[in-house]
Each structure stands twice: as C-alpha cells, then as structure tokens.
C-alpha cells in the first residue's frame with residue numbers, strides 16, 4: 001500500500017456514524033472538524049480531556065466511558081483510532097478492515113487505511129494537504145504548506161478568481177493610514193479579487209502595483225465631473241461598473257466612515273439597488289499618532305480623546321464644531337485635515353482657555369517611509385507649519401500625551 005499515493009477525497013459525514021477511540025489530545029484536536037462536518041459521533045474511551053468533556057456536555061457527541069470492544073466499528077463510515085493501547089488499536093484497525101470502514105491510526109500511519117490531511121479554511125474553501133506516501137510523512141511540512149496557502153488566500157497574495165459564485169457589487173474598503181501592510185486581511189483579499197478599483201490619493205498606493213493584470217484602476221480625482229460634483233461622479237462610476245456585472249472596490253484611506261464620505265456612497269448604492277459590503281479600516285486618527293510614538297490616551301494624563309475635522313476654519317459659518325467646548329476638555333484633541341487651518345484653530349482654542357504652552361505634534365505622511373514628526377505648542381504651531389513646510393496629509397495631536405513618549409520629537 002505504501003508504494004502508491006493516497007487518493008484525496010472529501011468525506012460528507014453529515015448524519016453518518018463516526019467512531020472515535022480515545023479521548024486524549026489527538027481526539028481533542030480532531031473532534032471539532034468532525035463535529036463541524038455533522039458526523040454522528042460516538043466516542044469510546046475510559047477517560048477524556050476537559051475540552052472533550054465540554055463537547056460531550058454540549059451534546060455534540062456521545063461518550064461511552066469504557067475501552068474499545070469488538071463491534072464498536074459496526075455500521076461506522078469513518079473511524080479515528082487514537083488510544084494509548086497499541087493492542088486495542090491493532091484490533092480496532094483489523095475490525096475496520098473487515099467492515100470496510102476507513103480508519104485513521106494516530107499511532108501508526110503505515111497501518112492506517114486513511115490519513116488526516118493538514119486542513120484550513122478561507123472564504124468557503126477548504127485547503128487539505130497530504131504527503132504522497134507514508135514513509136515520507138512530515139506533519140510539520142504539510143502544516144506549513146497549508147498555512148502558507150490559507151494565509152495567501154486570506155490576505156489576497158494568492159489569488160484564484162471566482163467564475164461561478166462571485167456576486168457583482170461594490171466593496172467599500174478602508175485602506176488604512178498609508179502603510180500597505182496596515183490594510184485589513186479582508187480588504188486586501190477583496191482588492192485582489194476586484195475587476196475595478198476606484199481609489200483616491202489617500203488610499204495605499206503600493207497595493208495597486210500588486211493587482212492582477214486586467215484590473216481597471218480608476219483615479220477618483222481624475223473622473224470627468226461635467227455637471228456633477230466630485231462625489232456625485234464617484235457615486236455614478238461605482239453604480240455604472242457594478243451594473244455591468246463587475247466586482248468593484250472603492251479603496252479609501254483610513255476608515256470609510258471617518259471623514260471619508262463613505263455613507264454617502266453607501267446611500268447612493270442602496271438607492272440604485274447595488275449590493276455593498278463595508279470593510280472597516282484602521283483610522284489615521286489613532287494609528288498615525290501611535291506610529292509616531294504618541295498614545296492618544298495615557299494613564300494619569302488623558303482619559304479621553306476627541307477626533308475633529310479641521311478642513312473648515314473655526315470662524316467659518318459652515319463649521320459644525322463646538323470649538324469653545326473642545327478648549328475646555330482636558331484630554332487629547334486629534335485634528336485631521338487641519339494643516340491649512342491650524343493657525344485659526346490654535347487662536348480659537350487659546351481664546352477659549354487652552355494654554356498657549358499646550359504641546360502639539362504634527363505627523364506628516366504617517367506610517368509611510370516618508371513619515372516625519374514635528375513638535376510645537378499652540379502658540380507656535382502656525383509658524384511651525386510654515387517653517388517646517390508641513391504638507392497634507394498630516395495628523396495634528398494637541399495635548400499632554402505628546403510629551404509622554406520615550407523620545408519626544410524636538
């Protein structure tokens with residue numbers, strides 16, 4: 001038997017009798033998959049681990065507290081033989097041979113009629129890895145191969161396009177603060193499976209180079225607007241491509257719902273009857289300060305943090321921000337899109353009681369190779385932005401947390 005490779009097959013065990021002999025660590029590892037497969041499981045063992053007992057208590061299998069006995073494999077479709085009694089294992093294996101029951105032997109792969117592959121799942125796909133013969137069996141090697149394949153499927157580095165089951169629609173994906181490694185696993189996978197990617201300048205651009213050939217990449221900033229506003233043109237493009245039966249990813253920087261106008265796109269798609277999946281992203285409001293060594297909260301320093309948009313100055317009638325209230329807070333203030341208005345913001349905060357000496361950090365291009373941090377105070381931040389030539393995108397942190405790091409920037 002060892003001269004021939006194993007024939008791989010997927011067993012459909014739902015409602016069929018499965019016998020497990022032995023309630024130790026091997027059974028503990030294998031039982032969850034057998035339970036998930038819907039097997040009618042009989043455990044025969046004098047003892048069991050606490051985890052196996054918990055499965056019994058939950059009603060997931062039946063346990064007979066005794067050693068193996070002739071006839072236990074009768075009417076079984078599949079058996080896992082994993083006792084610490086070699087003689088019992090041999091007798092059970094012989095019974096399985098007589099009754100044509102496929103048996104896995106935990107103690108002797110050569111004597112088994114079936115082998116358990118190293119398995120993993122990702123998005124409805126089960127990956128099972130077997131070595132070609134018993135003599136060359138290396139469980140660590142097969143497990144490593146399994147892990148590499150499953151991880152590749154999950155993070156999108158191993159792409160197998162869907163041909164029958166893929167549903168056209170839009171995925172609204174938060175790309176994170178800039179470093180391509182900080183996109184979520186699900187976001188990266190959806191990006192790898194897309195037919196069309198509509199992105200903007202804040203999306204992690206390095207990920208676009210990894211896309212398969214044939215994927216259409218659309219720069220949202222270059223969409224022809226005509227009579228449309230920019231956002232309306234983006235909404236129109238998302239709807240148009242989805243209606244053509246394509247899988248569309250709208251790639252945004254940070255999180256789609258943190259100043260990303262993501263809900264506007266979700267609403268437009270819903271009105272058009274287009275299915276939409278929202279994939280949250282790591283927000284720059286927390287991750288960029290963290291990458292620069294600044295905690296937005298710290299014990300004994302700041303018990304809260306507030307994130308605010310600075311794209312509209314405090315003295316603009318369109319502003320919805322209660323700047324006087326923010327000035328009275330004792331925690332951390334994180335300002336996004338505020339490079340152009342930080343002078344007015346600082347003046348307003350000081351005018352309403354914030355100390356001019358309050359520490360401020362400006363973190364430009366956070367989490368990327370071009371990241372730099374420049375520190376100032378509320379009194380000097382406007383001048384610092386000009387002298388240090390701070391450009392968007394930059395996250396501005398106001399509060400004492402700026403100084404608590406091990407090596408605050410100068």
Please tell me if residue 345 is out of contact with any helix residue (DSSP H, G or I) (no Cβ under 6 Å at 6 or more places or on another chain) and under 15 Å from residue 378 (Cα atoms). yes
Going residue by residue through region 195-218, is there one that turns out to be in contact with a helix residue (DSSP H, G or I) (Cβ under 8 Å, 6 or more places away or on another chain), over 18 Å from residue 392 (Cα atoms) and touching a residue at least 60 places away in the same chain (Cβ under 8 Å)? no
Is there a residue in region 291-301 that is more than 36 Å from the chain's Cα centre (by Cα), at pLDDT 95 or above, part of a helix (DSSP H, G or I) and not assigned by TED's automatic domain parsing to the domain that holds residue 205? no
Quick one: would you say residue 349 is in contact (Cβ under 8 Å) with a residue 60 or more places away in the chain and touching a strand residue (DSSP E or B) at 6+ places or on another chain (Cβ under 8 Å)? no
Could you pull out the residue among 377, 332, 367, 403 that is touching a strand residue (DSSP E or B) at 6+ places or on another chain (Cβ under 7 Å) and buried (at least 20 other Cβ atoms within 10 Å of the Cβ)? 332
Failed condition for residue 285, given (1) at pLDDT 95 or above; (2) out of contact with any strand residue (DSSP E or B) (no Cβ under 9 Å at 6 or more places or on another chain); (3) assigned to a helix (DSSP H, G or I); (4) over 12 Å from residue 170 (Cα atoms): (2)
Any chance region 265-273 includes a residue that's closer than 27 Å to residue 396 by Cβ and either more than 16 Å from the chain's Cα centre (by Cα) or outside the structural domain of residue 368 (by TED's automatic domain parsing) (or both)? yes
All positions within region 44-61 that are within 36 Å of the chain's Cα centre (by Cα) and not in a loop (DSSP other than H, G, I, E, B): 50, 51, 52, 53, 54, 55, 56, 57
Would you confirm whether or not region 111-122 contains a residue that is out of contact with any strand residue (DSSP E or B) (no Cβ under 8 Å at 6 or more places or on another chain), surrounded by fewer than 18 Cβ atoms within 10 Å (Cβ to Cβ) and closer than 30 Å to residue 189 by Cβ? yes
Scanning region 62-71 for residues that are part of a loop (DSSP other than H, G, I, E, B) and in contact with a helix residue (DSSP H, G or I) (Cβ under 7 Å, 6 or more places away or on another chain), which turns out surrounded by the fewest Cβ atoms within 10 Å (Cβ to Cβ)? 70
How many residues does region 243-268 contain that are touching a strand residue (DSSP E or B) at 6+ places or on another chain (Cβ under 6 Å) and part of a loop (DSSP other than H, G, I, E, B)? 5
Consider only pairs whose beta carbons are under 7 Å apart and that are at least six residues apart or on different chains; among these, list those whose first residue lies in region 360-380 and is at positive phi and whose second residue is buried (at least 23 other Cβ atoms within 10 Å of the Cβ) and in a loop (DSSP other than H, G, I, E, B). 365/178; 367/177; 367/178
Given the condition under 38 Å from the mean Cα position of the chain (by Cα) and either touching a residue at least 40 places away in the same chain (Cβ under 8 Å) or not in a strand (DSSP E or B) (or both), answer yes or no: does some residue in region 81-97 qualify? yes
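The values are calculated or read from the model by the stated rules, or taken from the named source; none is laboratory data. Computed from a prediction, not measured in an experiment: that's the story for all the values here. Don't worry about glycine lacking a Cβ; one is built from the backbone with ideal geometry, like all the others, and counts go over all protein chains shown.
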